[in-house]
Each structure stands twice: as structure tokens, then as C-alpha cells.
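Reading through the C-alpha cells given below for one structure.
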Amino acid sequence: MAYHDRTTLTLAAPLTPPLASQAPALVLESRSDIARIHLKAHYRRLGTSARRLRFMGQPSEASMDKIADAALPDMLIEYVDQGIVRGVIEAYRTKGAHAEVALSLEDAYQGRGFGRMLFRAGLHTLKEMGVRHVDLYCMRNNTAVLALVRSAGGSVRYLYGDAFAEVCLDRVLAQPSAG
Ligand SMILES: CC(C)(COP(=O)(O)OP(=O)(O)OC[C@H]1O[C@@H](n2cnc3c(N)ncnc32)[C@H](O)[C@@H]1OP(=O)(O)O)[C@@H](O)C(=O)NCCC(=O)NCCS
């Protein structure tokens, strides 16, 4: 599967239950009602540590459900395997040409390069949407996501236990191999 290929990404059909394909795919989900359903199910499948890292706390299932029910992402890319959303990158436009992103993967899918794949696809898609600055907030000790930010040329500021990262898309994605 050519994960980074934009053609693959845009041609992947939006998922509607029941999920048609069992093959792994990156899917750009454009329907907000389906995005909410998928996010809710995905958050519930995250392990304890992944929930803590993603939400920077220990949300109850009810709190995560509320977050998913209210979610209106400007971009959602899903990593789907065996018909189930195993990981996502979500982006929300904030001010100016900024968007805030968050990523998460089920435990069994972490540390296998899928986060890097989602992050790269997300940066390219956001750039096409006119976003120029990607912001990401995480815990200071979140080595994996900060490695992604750094390898995309992003900068990181620390305040107590938190990290504030920014990736400037103009600079990073100017080179075809970057991001
Ligand atoms: C953060 C996350 C999306 C990264 O995705 P991933 O698929 O696990 O990471 P990858 O396999 O693509 O690896 C990306 C980098 O992180 C490093 N990494 C991966 N898992 C790591 C771990 N457990 N500890 C330290 N570094 C790790 C990799 O070595 C790689 O860095 P490198 O290229 O410098 O070697 C995923 O781990 C996750 O869902 N974590 C829980 C939720 C979360 O932390 N979200 C981010 C806050 S918004």
C-alpha cells in the first residue's frame, strides 16, 4: 500500500458502516457525523496510557464520548485496518492559518511507523487546505509525538509538564521529501 500517496488517500471511499474493505488504508473522512461515530469508537479502544497521552489527563469513558460527540474536525485522516479505525490524526482550525492537531493509535498499532504515516499525510493535507502553521500540545515526556514534530522540522517550547510544538508548513513541505 502506498500510504503517502495523495491519490490513494483521496480515492479511498469515505467509510460508512458496514465497512466494505478489510485492506489497510488511509482514509480522509469528510462527513462530520461519521467522523464523530468513528472518533467515539476509536477513543474507547485506546489503552490507559494512550488516553492519558492523547487527552493529557485521565478522562472517563463518558468524558471521551462527550468530546467525540461534540467533535467537528476540519480534517480527519484515519488508519483503517480490518475494517476498524486503528488510528487517527484530527485537525481543528484555530486562528489565522493555524490548525491544532492530535494523533492517536490503538496500543497494538503503536511503534510501527503508522503515527509517522498519519502525521505526514496530515501535514500534506492541511497544507493543501491552506493551513500554514500546525500546533500540537502534549505532555513533555511524550517522546514519540515529539520525535514526529522534530523530524518534520518543528519547534518545541516547554512549560512545566507540557510541550507546545509548532510546525511551519511553508518551510517544511517546500522540499518534496520533507514532512
Ligand atoms: C504518538 C503516536 C501517534 C506516535 O505514533 P507511533 O506509530 O507510535 O510512532 P512511530 O512508530 O511512527 O514512530 C515515530 C517516532 O517515535 C518514536 N517512538 C515510537 N514509539 C515510541 C515510544 N514508545 N517511546 C519512545 N519513542 C517512540 C519512534 O522511534 C519514531 O522516532 P524516530 O523516527 O526518531 O525513530 C502513538 O504512539 C500514540 O498514539 N500515542 C498515544 C497518544 C498520543 O500520545 N498522542 C499524541 C498527543 S496529541
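Derivation of every value follows stated rules applied to the coordinates shown; laboratory data play no part. Since the structure is predicted, the reported quantities are computational estimates derived from the model, not experimental observations. In this analysis, Cβ positions are derived from the backbone assuming ideal geometry, glycine residues included, and neighbour counts consider all displayed protein chains.
Quick notes
- Along segment 83-99 the Karplus relation, 6.51 cos²θ - 1.76 cosθ + 1.60 evaluated at θ = phi - 60°, assigns HN-Hα couplings of x, 10, 6, 9, x, 9, 10, 10, 9, 10, 5, 10, 10, x, 9, 9, 9 Hz to successive residues, with x for each Gly and Pro.
- Order by protection proxy (mean Cβ within 10 Å, highest first), peptides 152-159, 39-46: 39-46, 152-159
- Amide H to amide H distances under 5 Å link Ser104 with Val88, where only residues 5 or more positions off or on other chains count and H is placed in the peptide plane.
- For the pair Arg140 and Thr48, a Förster radius of 25 Å applied to the C-beta separation gives a FRET efficiency near 0.85, rounded to the nearest 0.05.
- Interchain or long-range residues, amide H under 5 Å from Asp74's placed H: Ala91, Tyr92, Arg93
- DSSP beta bridges fully contained in segment 6-172 are about 90 percent antiparallel.
- Bridgeable lysines around Lys95 (alpha carbons under 20 Å apart, same-chain partners fewer than 8 residues away excluded): Lys127.
- Computed over the alpha carbons of segment 6-172, Rg followed by Dmax gives 15.0, 46 Å.
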